[in-house]
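Presented below is the structure to which this report refers.
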Amino acid sequence: MSTATAVAHPNIALVKYWGKRDVPRNLPAVPSLSLTLGGFETRTTVTWGAPTDTVELDGAPAPEKAAAKVRAFLDLLDPQRPPCRVVSANSFPTGAGLASSASAFAALALAGAAAAGQDTDPVRLSILARQGSGSASRSLWGGFVVWQAGERADGLDSHGVPLLPADAWDVRMVVGVVSTAAKAVGSTEGMERSRATSPLYATWLAQAASDLDEGRRAVLARDLDGLGRVMEASTYKMHATMMTSQPPLLYWQPGSVACLQAVWRLRAEEGVSAWTTMDAGPQVKVLCAAADAERVAAVLAPHAARVHVLGPGGPARLEPA
Ligand code: 2P0
């Protein structure tokens, strides 16, 4: 029996992932670019060798669907594994568009591999984590990370690649939490629906590589306006693809629209370089300079239940035993 504990942060995509080229292997149809967020984290302990498989999430037995995903993920690490005990806790709301599955599977991959006495090379773990949840492939690294779509059928070239470490550019992501209700349609089902039915899906795929290039260049140049522009372009192309799926996927709530408009007003009327993004949920996230974060938080506050100001976070790490 051996035990390891890992901590990983969620990430927010700046150039978005939506669509799969292979569902069973969880291979993306597009490359993406993300920022790992400090402040929010998942802490996961894996005991390799226990009387039975048990999965605990935020202090209670995990719902069976989540527990089954965890057990299947541990089988990927080692098909001959012993029963394991997994205890995981998030410092932020689960399942509400705040990328809890990204930090969850990054932490599980690292803690599981360490507890099993396996190689903990982040490229290997990113490839594994991707199979639990696509965006988890990006949370092994801190700061700005590219997830390559890759071309190989086995997915070994589809993993995160660090672009700029957390301490290299001091931006903020201000998160307006509009609702913490669990989302109605999960990402895998939503992506497949868009691929099968949205007339915009082909355009979404065709423009993804140039959006990624533009985003990568803007990050390397620390060009906040340039990064914000391509982030908004990628975000609203993705949401247009979602909304034109059949039946439509609309993750927005009235409070989301109020947040978006408040940020756009702040930019237009006061010249603040603040840029919006949304994922598969109602939360609005705003990229801005550290010095502008409190002004952005103030315009979100009337429309959001909570506002969090988060800076770049570091890589997934093992806690000392
Ligand atoms: C992203 N999202 O790039 C995009 C933007 C949501 C919208 O990654 O199906 O849990 O497990 O690969 O990684 C969705 O979440 O999806 C996601 P799966 P995942 O962040």
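The values are calculated or read from the model by the stated rules, or taken from the named source; none is laboratory data. Computed from a prediction, not measured in an experiment: that's the story for all the values here. FYI the Cβ positions are ideal-geometry reconstructions off the backbone, even for glycines, and counts take in every protein chain you see.
Things to note:
- Residue in region 27-49 that is within 18 Å of Gln131 (Cα to Cα) and charged (D, E, K, R) present: no
- Lys69 surrounded by fewer than 21 Cβ atoms within 10 Å (Cβ to Cβ), of a type outside the set (S, T, N, Q) and within 16 Å of the ligand (Cβ to nearest atom): yes
- The residues of region 311-321 that are surrounded by 19 or more Cβ atoms within 10 Å (Cβ to Cβ) and either part of a strand (DSSP E or B) or without any contact (Cβ under 8 Å) to a residue 24 or more places away in the chain (or both) amount to a single one, Pro312.
- Residue satisfying condition, being assigned by TED's automatic domain parsing to the domain that holds Phe105, more than 21 Å from Ala72 (Cβ to Cβ), surrounded by fewer than 23 Cβ atoms within 10 Å (Cβ to Cβ) and of a type outside the set (Val, Ile, Thr), within set Pro31, Pro51: Pro31
- Test result for Leu27, at pLDDT 95 or above and more than 12 Å from the ligand (Cβ to nearest atom): no
- Taking the conditions (1) within 16 Å of the ligand (Cβ to nearest atom); (2) touching a Cys at 6+ places or on another chain (Cβ under 7 Å); (3) aliphatic (A, V, I, L, M) in turn, Ala8 satisfies each one other than (2).
- Residue list for region 186-200, restricted to those being surrounded by 13 or more Cβ atoms within 10 Å (Cβ to Cβ), outside any loop (DSSP other than H, G, I, E, B) and within 14 Å of the ligand (Cβ to nearest atom): Ser187, Thr188, Gly190, Met191, Glu192, Arg193, Ser194, Arg195
- Applying the set (1) surrounded by 19 or more Cβ atoms within 10 Å (Cβ to Cβ); (2) more than 15 Å from the chain's Cα centre (by Cα); (3) of a type outside the set (A, V, I, L, M, F, W, C); (4) more than 18 Å from Val146 (Cβ to Cβ) to Thr42 leaves exactly one unmet item: (2).
- Selection status of Ala297, surrounded by fewer than 21 Cβ atoms within 10 Å (Cβ to Cβ) and at negative phi: yes
- Complete set of residues in region 172-185 that are surrounded by fewer than 21 Cβ atoms within 10 Å (Cβ to Cβ) and touching a residue at least 24 places away in the same chain (Cβ under 8 Å): Ser179, Thr180, Ala181, Ala182, Lys183, Val185
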